Structure formats: C-alpha cells, structure tokens
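The values are calculated or read from the model by the stated rules, or taken from the named source; none is laboratory data. Note that the structure is a prediction, hence the values are computed from the model and not measured. Cβ coordinates were reconstructed from backbone atoms using ideal geometry, including for glycine residues, and neighbour counts include every protein chain displayed. The protein model used for the area step is the full one, side chains on, heavy atoms only, and it has no ligands, DNA or RNA in it. Shrake-Rupley method; radii C 1.70, N 1.55, O 1.52, S 1.80 Å.
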Amino acid sequence: MALSSAVNHQPLAIPFEGGELVATRTQQGSVVVRRARCAHRGCSLSGGWIKNGHLTCPYHGWEYDESGQCVHIPALRQEESIPARARVEALPAQEAHGLVWVWIAGEHDQPTTGVEAIPELELPGMTHQPSADLSYTFQTHFSRSIENGIDPTHAPFTHGGSIGKVDTTANLVFPSYEVVQTERTLFSRMPIKVKKIRGIAKWLLRGDAEDIYKAYRFVYPNLLLSLVNFGRFTLVSLQAHVPTGGTSTLMLSTNSRNFLRNRPLLTTWFNRVTVKTGDKIALEDDNVIKTQNPPSVAFRGSNDVLVASDLILIEFRKMMSKRIQTNRKE
C-alpha cells in the first residue's frame, strides 16, 4: 500500500516484508505498480525515472511499459531482440480512501475481494486533506502497532506531550462498551474521558459530554480507523499498517474532517498541526510498543492479562486467530 498523495510521475518505492514494489502515475492519472527488481541485474527500479511513459532503470537504462514488459534496451545490438523474460511483474492496483491498494499474488493471481467500504469516510462534509497525510515507521511487528492503534485506554499515560496531559484528579475508570463485528471488521464507539486537558485538544474538547466520543474500526488484515467526535466536529484518521520486516512496520495515515476544509490559511495551518501532532503521537507510541515482549502478538495462548476495557483487543485477537486457522485450511 501507499499514500495516493505520494504517488506522482516519478517512481515511488513501496517497501513491504516480501520485497519492494515501485509505483508511478501515468499522464492520464492512473497508478501503475510493478515489482521493483530490474530483470537485467536486479537493481531497484525505484531509483529510476520515467522516459517516454516508460519506467527506466537507473543502472543500464532498460525501459519497462505499464504491463511490466521491457520495451527498450539501449545497449542492444541491431541483430538482437529483447529477451522474452525481460519483464517485471505488474500488480493489480486501485485507489480508494486516499490509499493505493495493491494485490500481492498468492493462492489467487487476481483480487478475490474488493476494498472494504469505510462508512465514517462517507459522513456528511467529511473531506480528505492530502496535505495532512503522514507516514511513520514503527520499530515493531505490525500486530503490535495495530493493537496500539485500537487500544482505548493508553492515551492519558502515553500522550501527555502531544494530545495533552489529563488532570491527575480525572476519573479514568473506563465505561463498558460493545464491539460490533462482521466477517472482516470490528467496530466500537466509546466516550472520551477529558478533564483539563492541554494542547490543541483543549480547544476542541471542552469536557465530558455525550457528543464527545471516539470510535475505532479494524478491517482485516491491516487497516484501522480512529474517529474523534466533539459536538458537530469530526476528525477521522485512516491507517494502513504495512509490515516491512519482522520488527518494522510502515504506517500510512490519511486524515479527513468535516471542518476547516476550504479556508486557505486556516486549512493549511490545521493540516500542519495535524501532521506535527500525528508525528508526536506516533513517536510516543513507538517508544513504548517497541519494548513489548514478545515482539509480535500471540493471538492464542498469550500470557497477557487483559481486562474488560481491553474488549476490542480481545475480539481483534479472536478474529486474527480465526482468520489464520481458516487460511491454513485453505
């Protein structure tokens, strides 16, 4: 996966645990994703460029069309033809929700499911802000970074430097909540416990109230959404957690809201604040979750002691365990 806002007419590297991909945007605006390893000598095509609409290798100038076929080799002699094996794999890709979705062939060469609908992004007035997109590499397994993203009770202890410190007299007892499930999603809504919070959140959150709440949505296998609602204002962060190694995960985050959407100076200012705050939040989270042991979540048989406020994490582990068992049977 990649941020749509990051893909232009120059090659963009897309790292993931199984290798590297490269994304480009055509003159017509569509996104093309290919394997990044050049068929010639194996260097990364992400360091290349676009020439005559073709992805060009930075090592020897081999050019590839949108299907991944090599169409030009500068050093080729007149009596030679381009070898049939001179090609790189082009992968099915589509754009949705501000992200580029790529199908990595496994048991099935072509997509068997579509991109899941995200109801929160369809709320009235909800507008994606591309200049507020951000990415961050967590030094941990993607299962840990996802659990952190839907963990409802850590903010008062972890995010005092970004969201703001909660008053020491605030009641942090977490109320009960429900988790609504489908085959591939989890959803939960819960109140926000706020009292004398500082930082930008102080301007937005003005005390405990029924119309101040947060919501989380997890979409199997690696997508999550975090929503914060305060009165008539709503902020939505959609995050893709892409495993780039056993202990590294690239988080791609798009941000949408229903306020300060088309006011040039205020919109630009708030987008900058969103990115700055998002980077701080990610760093604060990373400093903690990279210390978790074991490095990845044991979906079954974990020695973690969970309580009622961890319900969404409990259901997440159940879903992942079930999906893993199903995939093994298939």
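Which value, in debye to the nearest 20, gives the size of the charge dipole of the chain about its Cα centre, when Lys and Arg are +1 and Asp and Glu are -1 at the Cβ?
740
Across all directions of projection, what mean area in square nanometres is found for the Cα convex hull of the stretch 74-172?
13.3
For Ser237, what accessible area in Å² do you get when you roll a 1.4 Å probe over the heavy atoms of the protein chains, rounding to the nearest 10?
It works out to around 20 Å².
Which net charge results for the neighbourhood of Val31, defined as the other residues with beta-carbon distances under 12 angstrom from its beta-carbon, given Lys and Arg at +1 and Asp and Glu at -1?
0
Quick one: Cα centre-to-centre distance for the stretch 126-177 and the stretch 303-317, in angstrom?
Between the Cα centre of the stretch 126-177 and that of the stretch 303-317, the gap is 17 Å.
Carbon-plus-sulfur fraction of the accessible area of the chain, 1.4 Å probe, in percent?
Summing carbon and sulfur atoms, their accessible area is 51 percent of the total for the chain.
With 23 Å as the limit, write out which pairs from Lys165/Lys214; Lys165/Lys280; Lys165/Lys276; Lys165/Lys318; Lys214/Lys280 have Cα-Cα distances beyond it, or answer none.
With Cα atoms farther than 23 Å apart: Lys165/Lys318.
Going through the stretch 280-330, which trypsin sites (Lys or Arg not before Pro) have at most 14 other Cβ atoms within 10 Å and a DSSP loop state?
Arg300
Just going by the charge dipole of the chain, with Lys and Arg at +1 and Asp and Glu at -1 on Cβ, which of Gln28, Gly164, Leu260 is farthest out on the positive end?
The listed residue farthest towards the positive side: Gly164.
Percent of Cα-Cα pairs more than 37 Å apart in the chain, please.
Of all Cα-Cα pairs in the chain, 25 percent lie more than 37 Å apart.
Whole percent per 10 Å bin, from 0 to the bin with the longest distance: what is P(r) over all C-alpha pairs of the stretch 247-330?
12, 28, 29, 19, 10, 1
What is the local net charge at Gly61, summed over the other residues whose Cβ is closer than 13 Å to its Cβ (Lys, Arg +1; Asp, Glu -1)?
Summing Lys/Arg as +1 and Asp/Glu as -1 gives +1.
Could you report the accessible area of Glu284 in Å², rounded to 10, computed with a 1.4 Å probe on the protein chains as they sit in the structure?
30
Among Gly61, Pro11, Leu134, which residue has its Cα furthest toward the positive end of the charge dipole of the stretch 11-147, with +1 on Lys/Arg Cβ and -1 on Asp/Glu Cβ?
The Cα lying farthest towards the positive end belongs to Gly61.
Count neighbours as other Cβ atoms within 10 Å of each site's Cβ, and list the trypsin sites (Lys or Arg not before Pro) in the stretch 72-102 that are DSSP loop with at most 15 such neighbours.
The qualifying sites are Arg77, Arg85.
Just read off the accessible area of Thr291 with the full protein assembly in place, 1.4 Å probe, to the nearest 10 Å².
Rounded to the nearest 10, the figure is 100 Å².
Which helices count as membrane-span-like in the chain under these terms: full DSSP H, at least 18 Å along the axis by C-alpha, Kyte-Doolittle mean of -1.0 or more?
264-289, 311-329
For the stretch 1-123, count all C-alpha to C-alpha pairs, find those more than 18 Å apart, and express that count as a whole percent of the total.
Here the long-distance tail beyond 18 Å is 54 percent of all Cα pairs in the stretch 1-123.
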